[in-house]
Structures are given as C-alpha cells and as structure tokens.
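*Asks:* Mind looking over this structure? Questions follow.
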Amino acid sequence: MPRQKYMQPIAQRIAAMKDGTVFIVSDLLDIASLPTVNMALSRLSARGDIRRVMRGIYEKPRYSRLLGELVATDPTKTAYAIARKNRWSVAPTGEAALNLLRLSTQVPVVWIYASDGPYKEYSCGGVKISFRHTSNKEITGYSPITILLIQALRALGRKHVGETEIKTLQRNLSEENKKIALGETQGITSWIYDLIKQICADHISNEGRDS
C-alpha cells in the first residue's frame, strides 16, 4: 500500500487522543513502518495538527480559550514519554514530586526524575528535564502513585511532614490510591510507612466499618 494511504489511519489515531497527549513514534508502528510514520508525523506537524516536542516525541497540543493560545507541553508527560521511548523506569523526585501532589505551588526550574537509565538532561520549551540514575529497587515494584508519594515524603523529610501536609495528601489521594499505597509500602523504611498510615487513616477507618 502506498505511504499516502497510511496518512488517514495515523491522523485518525492521533485525533482520537486527548488534547495534551504526548506520544512517541513507536505508539503508531502498528499502523505502518517507521519511515512511513515519520513522514506522516512530519506532515501533520507542518500543518499544525501536532507539535514536535523533540526527536521521536510529539504532542497533540491543547488550546486554552482562556489564554487564547496553545498550552505549553506538560514536562511530566514529556518525561514519561522519554522514559517509554528509552524503556526506563522513572519517578518524579524533589520539587517535581511535591508539585504533582500539590504540596508545593513552586514550579520547578528543573524537573528531576530518578531513573534506572543513565544520567541525561533534556530541554523542552524552556524547561529542563533531568534524569538521575538511582538504584532500581527505589523505583520498581511500586505503582506510579506509590512511587510519587514515597518520593514526595523523602523530599520533605521526616521532620517537615506535619498536619498540613498530611491533610493535603489525604484530600489529593483517592480511596483507591490510599489502598494501593498501604498495600505496597509495608516493607519500606519505617518512618515513611508510619506517615503513609497517617495519610491513609481515613481509609483504614472506612475499611474497618465495612468489614
């Protein structure tokens, strides 16, 4: 089949994505070969249907009616796209983790991720994304929400997690998130597990009433 005939199914796949989705070339390789997909993405980018974030990574841009312009590419989505492209396991750390859990309103200058890959740094729309190699056991074997919670608590430190932080996390974590975190962290560092039990206290209470 000529390459041109693949344009429509590729365009339709992207059109079905949610605005703001960051995707990688390999997400489309079930439709056509690499050269064909690259050609299609180049054309879609040229006409403004998608935005090229960096080599091999694209975004279906999101338009803000309030701002009257396209919204900047989400650095977290970009980081996870880079990780998928390179087959790394990653986890937000420091200010990135605190921002994502609404424990800090400060937007990081550098979004730092723990990774089982090499040390790498990327620039995306004026934002720096840095991957720092760490022990594989720190970021594997847990669900994304548990990893995020662990990294946020470590970023704060035991002495800086008070009632305000606990209540913020209680509000921002769903009952399912709390159930997952409790189940996955029983063998983790004791002070982190003690804090997670406090954060999930309402879930524990609800579970007791339901049993």
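The values are calculated or read from the model by the stated rules, or taken from the named source; none is laboratory data. Model, not experiment: these values are computed from the prediction. Positions of Cβ are generated from backbone atoms using ideal geometry, with glycine treated the same way; all protein chains shown enter the neighbour counts. Note: accessible area is taken over every heavy atom of the protein model, side chains too, but ligands, DNA and RNA are not part of it. Shrake-Rupley method; radii C 1.70, N 1.55, O 1.52, S 1.80 Å.
*Asks:* Where residues in region 8-27 are over 20 Å from residue 74 (Cβ atoms) and of a type in the set (A, V, I, L, M, F, W, C), which of them is surrounded by the most Cβ atoms within 10 Å (Cβ to Cβ)?
*Replies:* 10
*Asks:* Here is a further query. If we keep just the residues of region 188-203 that are without any contact (Cβ under 8 Å) to a residue 24 or more places away in the chain and charged (D, E, K, R), which is surrounded by the fewest Cβ atoms within 10 Å (Cβ to Cβ)?
*Replies:* Among residues in region 188-203 that are without any contact (Cβ under 8 Å) to a residue 24 or more places away in the chain and charged (D, E, K, R), the one surrounded by the fewest Cβ atoms within 10 Å (Cβ to Cβ) is 194.
*Asks:* Read through the list (1) at pLDDT 85 or above; (2) open to solvent by 40 Å² or more (accessible area, probe 1.4 Å), then give the number of the only condition that residue 185 fails.
*Replies:* For residue 185, the exception is condition (2).
*Asks:* Only one residue in 165, 184 is of a type in the set (Asp, Glu) and more than 19 Å from residue 98 (Cα to Cα), so which one is that? Even if it seems obvious, please write down each step before you answer.
*Replies:* On the way: 165 fails: more than 19 Å from residue 98 (Cα to Cα).
Being of a type in the set (Asp, Glu) and more than 19 Å from residue 98 (Cα to Cα) holds for just one of 165, 184, which is 184.
*Asks:* Also, I was wondering about something else. For the structure I just gave you, tell me whether residue 89 is closer than 23 Å to residue 168 by Cβ and hydroxyl-bearing (Ser, Thr, Tyr).
*Replies:* Details: closer than 23 Å to residue 168 by Cβ: no; hydroxyl-bearing (Ser, Thr, Tyr): yes.
So residue 89 does not fit the description; no.
*Asks:* When region 28-52 is examined, which residues are found to be among the polar types (S, T, N, Q) and either touching a residue at least 40 places away in the same chain (Cβ under 8 Å) or open to solvent by 20 Å² or more (accessible area, probe 1.4 Å) (or both)?
*Replies:* Within region 28-52, 33, 38, 42, 45 qualify.
*Asks:* Look through region 132-165, keep the residues that are of a type in the set (Gly, Ala, Ser) and open to solvent by 40 Å² or more (accessible area, probe 1.4 Å), and return whichever of them is modelled with the lowest pLDDT. Working first, answer last.
*Replies:* In the first step, residues of region 132-165 are kept if they are of a type in the set (Gly, Ala, Ser); the result is 135, 141, 143, 152, 155, 157, 162.
Those still in the list that are open to solvent by 40 Å² or more (accessible area, probe 1.4 Å) too: 135, 141, 155.
Values: 135: 74, 141: 77, 155: 92.
Within region 132-165, the match that is modelled with the lowest pLDDT is 135.
*Asks:* Could you identify the single residue in 114, 81, 91 that is under 23 Å from residue 139 (Cβ atoms), open to solvent by less than 20 Å² (accessible area, probe 1.4 Å) and modelled with pLDDT of 95 or more?
*Replies:* 81
*Asks:* Continuing with the same structure: Are any residues in region 101-140 in contact with a Pro (Cβ under 9 Å, 6 or more places away or on another chain) and closer than 18 Å to residue 82 by Cα, and if so, which ones?
*Replies:* Residues satisfying the conditions are 111, 112, 113, 114, 124, 125, 127, 128, 129, 131, 133.
*Asks:* Sticking with this structure for a sec: I'd like the full set of residues that are open to solvent by 20 Å² or more (accessible area, probe 1.4 Å), aliphatic (A, V, I, L, M) and under 20 Å from residue 28 (Cβ atoms), limited to region 53-78.
*Replies:* If the condition is that a residue be open to solvent by 20 Å² or more (accessible area, probe 1.4 Å), aliphatic (A, V, I, L, M) and under 20 Å from residue 28 (Cβ atoms), then 53, 54 are the ones that fit.
*Asks:* Mind checking which residues of region 26-70 are modelled with pLDDT of 95 or more and of a type in the set (Phe, Trp, Tyr)?
*Replies:* Across region 26-70, the qualifying residue is only 58.
*Asks:* Filtering region 7-55 down to residues that are part of a helix (DSSP H, G or I) and among the β-branched types (Val, Ile, Thr), which residue is farthest from residue 70 (Cα to Cα)?
*Replies:* Ranking the qualifying residues of region 7-55, first place goes to 36.
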